[in-house]
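**Q** What follows is a single structure, and I will ask about it in a moment.
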Amino acid sequence: MTVRFLAARPLLATVAEVAFPRNVAFWFYALAFLAGLMFYLIWGLTYGSWNLFQPEWVGAYAVTIVLVGFGLVGMLLYRK
């Protein structure tokens with residue numbers, strides 16, 4: 001006779017899985033990409049600096065790269 005450890009059903013087995021629409025994910029990442037571009041343009045117009053590689057603009061560079069990078073990768077992953 002074998003005794004099973006944790007023989008009861010898993011706690012989350014009764015939760016229904018709903019497929020997340022690819023279209024919604026794609027447009028979310030497209031919005032992130034556009035937000036990155038808009039952030040760069042607004043930052044450049046506001047502070048008159050288009051070179052984000054200067055040491056004092058490292059924070060703006062980080063925000064731009066994260067938004068544009070996640071946007072591009074997400075759009076490539078969720079394209080049809």
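What follows is calculated from the coordinates using simple rules that are stated; it is not laboratory data. This one's a predicted model, so the numbers in the text were calculated from it and none came from an experiment. Don't worry about glycine lacking a Cβ; one is built from the backbone with ideal geometry, like all the others, and counts go over all protein chains shown.
**Q** Which of the peptides 68-76, 47-55 is most tightly packed, and how do the rest follow, going by the mean number of other Cβ atoms within 10 Å of each residue?
**A** Going by the mean number of other Cβ atoms within 10 Å, highest first, we get 68-76, 47-55.
**Q** If each residue of separation counts as 0.36 nm, what is the full-extension length gain between residue 63 and residue 20 once their alpha-carbon separation is subtracted?
**A** Extra length from residue 63 to residue 20 when fully extended: 12.8 nm.
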